[in-house]
Amino acid sequence: MSPELSYAYYPGCSGLSTSKDYEISTRAVCRALGIKLQEIPDWSCCGSTPAHTVDHVFSAALSARNLSLAEQMGSDTVITPCPSCLTNLKVAAHRMEQEPAFQQEVNRHLQEPCVNTVQVKSVLQALIQDLGPEAIAKQVEKPLSGLKIAPYYGCIMNRPPEVMDFDDPENPVAMDEILRGLGAEVLPYPLKVECCGASYGVARKDVVMQLSGKLLDLADSLGADAIATACPLCQMNLDLRQDQINAALKRSFRLPVFYYTQLMGLAFGLEEKDLLLNKLNVPAGPALAKMQQAAEAAAEQDAQTKEQ
Amino acid sequence: MDVLKLDSGYDAAFVEAVMNESGQDPFACYQCGNCTAGCPYTFVYDLPVHQIMRLLQAGHKGRILQSHSLWLCATCESCTTRCPNNIDVARIMDVLRHMAGREGMITEKQVKQFNDSFLDSVKKHGRVFEFGTLVKYIARSGRFWSDADLGPKVMRKGKIAPRPHDIKGKDEVARIFHSVLGDGKK
């Protein structure tokens with residue numbers, strides 16, 4: 001095994017609340033893979049979208065406080081599961097690197113200045129690039145054979161490419177590769193990076209109904225059993241608001257929307273307390289039962305072939 | 001149909017401010033329309049994003065700052081990623097929104113109310129307290145019923161934390177608010 005991977009870890013606020021399932025499954029999967037996560041002590045909110053819509057120095061300062069705390073830990077890399085946190089941390093670091101005057105201005109508002117030495121990555125990037133798909137596939141005890149998944153990355157994990165510097169901005173494949181390694185059937189999903197309506201669910205629900213509705217419609221028409229996502233906000237729009245979308249668009253989607261880390265944990269044979277599948281609004285049961293049936297049918301066919 | 005006179009009403013100070021604050025050159029835009037073609041929000045915009053770029057070249061401050069589009073852009077980065085002239089269009093949209101906010105031209109009040117409720121929560125606790133943010137937004141906007149159906153779902157599953165997670169450094173975070181934005185301004 002490669003030397004132990006260890007990172008400063010930035011969970012993000014939703015991980016303590018609406019995306020607790022993402023947070024718990026991320027930690028469990030990293031534990032199973034021998035990846036050490038050191039939570040940044042007393043981390044604060046990155047400001048998410050609301051901050052950068054007000055002022056860029058403000059947004060960068062909120063992020064830089066956390067980068068500075070990671071530096072004080074002596075860490076060289078911080079990873080986060082949340083694409084919105086990721087974007088804010090990366091945009092702040094990128095702009096401070098490009099514009100020394102901007103960094104000075106940001107630091108004027110911080111108690112401890114940010115030197116900007118820490119690299120920022122998504123958990124997904126660390127899994128696929130630092131650990132590698134083989135090590136992940138090796139951990140699989142219960143392959144997700146027969147489960148057809150639409151891989152949905154959300155809009156900002158990979159964009160803009162100059163800042164995010166990971167995977168393809170139009171057709172990212174990191175999550176596809178992981179899911180395939182788990183034994184799932186990964187569908188070609190052309191809306192991988194199309195926006196779900198983001199944080200407009202509260203203030204302009206109509207927008208989310210249309211945009212997330214389009215994503216569900218495509219996944220459904222491709223014959224997906226489920227959607228896999230890497231973003232708390234995408235997951236909330238597609239899962240928690242799926243009944244609202246059905247009512248608004250007069251449809252009857254019943255697509256479970258997993259965090260990809262939940263699917264990893266499932267394939268690793270982890271327990272419900274590490275997966276929190278019961279947090280999903282659209283129950284995972286039917287899709288998993290179908291997968292089970294497919295696995296049993298395959299095993300039976302296997303046995304028959306051996307008899308002959 | 002709106003008819004705009006592009007040869008008059010050029011606000012040079014406005015264009016210069018946008019260029020300075022965004023670090024972008026709007027005159028590199030040759031109106032190919034790629035940004036609008038990829039923008040998921042065009043269906044709710046009053047001005048599609050390539051028209052905002054054109055109006056910016058023409059220096060039409062008023063028409064831009066009173067558009068709803070500025071408050072409906074989600075910064076999904078599609079325009080920025082696909083611009084053949086490498087203009088960071090989403091950053092220009094963000095800067096235009098900053099300006100509209102500073103001038104009190106807020107065409108999507110609920111969007112601003114939601115953002116303000118979110119930031120108030122961060123200022124108070126150091127981390128956003130989602131439940132508190134929603135309660136504050138509902139109180140501000142008076143929209144009691146829009147997501148009432150989600151309440152039981154979220155509660156039954158324990159999907160939302162009922163209490164805030166205050167951090168030790170919350171005063172330090174509040175100081176960032178005061179120090180960058182000044183008191184009371186957002």
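The values are calculated or read from the model by the stated rules, or taken from the named source; none is laboratory data. Note that the structure is a prediction, hence the values are computed from the model and not measured. Virtual Cβ from ideal backbone geometry, glycine too; neighbours counted across all protein chains shown.
Computed quantities for the displayed model
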item	result
Members of region A:217-230 found to be among the charged types (D, E, K, R) and surrounded by 20 or more Cβ atoms within 10 Å (Cβ to Cβ), listed by number	A:Asp225
Evaluation of B:Ile106 against (1) surrounded by 23 or more Cβ atoms within 10 Å (Cβ to Cβ); (2) aliphatic (A, V, I, L, M); (3) over 20 Å from A:Cys46 (Cβ atoms) (one fails), failing number	(1)
Residues that are hydrophobic (A, V, I, L, M, F, W, C), more than 7 Å from every other protein chain (Cβ to nearest Cβ) and either under 30 Å from A:Arg108 (Cα atoms) or assigned to a loop (DSSP other than H, G, I, E, B) (or both), drawn from region B:150-181	B:Ala174, B:Phe177
Among (1) in a loop (DSSP other than H, G, I, E, B); (2) of a type outside the set (Phe, Trp, Tyr); (3) within 14 Å of chain B (Cβ to nearest Cβ), the one test that A:Pro143 misses	(3)
Qualifying residue in region A:196-216 (condition: more than 8 Å from chain B (Cβ to nearest Cβ), surrounded by fewer than 22 Cβ atoms within 10 Å (Cβ to Cβ), of a type in the set (A, V, I, L, M, F, W, C) and over 18 Å from B:Val44 (Cβ atoms))	no
Segments classed as helices (runs of 4 or more DSSP H), wholly inside region A:233-292, with at least 3 members that are without any contact (Cβ under 8 Å) to a residue 60 or more places away in the chain and buried (at least 17 other Cβ atoms within 10 Å of the Cβ)	A:242-249
For B:Arg82: the one exception among (1) assigned by TED's automatic domain parsing to the domain that holds B:Pro164; (2) in contact with a Gly (Cβ under 8 Å, 6 or more places away or on another chain); (3) surrounded by fewer than 20 Cβ atoms within 10 Å (Cβ to Cβ)	(1)
Of all residues in region A:185-218 being over 17 Å from the mean Cα position of the chain (by Cα) and of a type in the set (Val, Ile, Thr), the one that is farthest from A:Asn246 (Cα to Cα)	A:Val202
Residue count for region A:69-89, restricted to those that are buried (at least 22 other Cβ atoms within 10 Å of the Cβ) and more than 9 Å from chain B (Cβ to nearest Cβ)	12
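Yes/no per residue for (1) in contact with a strand residue (DSSP E or B) (Cβ under 6 Å, 6 or more places away or on another chain); (2) closer than 21 Å to A:Gln72 by Cα; (3) crowded, with 24+ Cβ neighbours inside 10 Å:
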{"position": "A:Ser6", "(1), (2), (3)": "yes, yes, no"}
{"position": "A:Tyr22", "(1), (2), (3)": "yes, no, yes"}
{"position": "A:Cys30", "(1), (2), (3)": "yes, no, no"}
{"position": "A:Gly34", "(1), (2), (3)": "no, no, no"}
{"position": "A:Asp42", "(1), (2), (3)": "no, yes, no"}
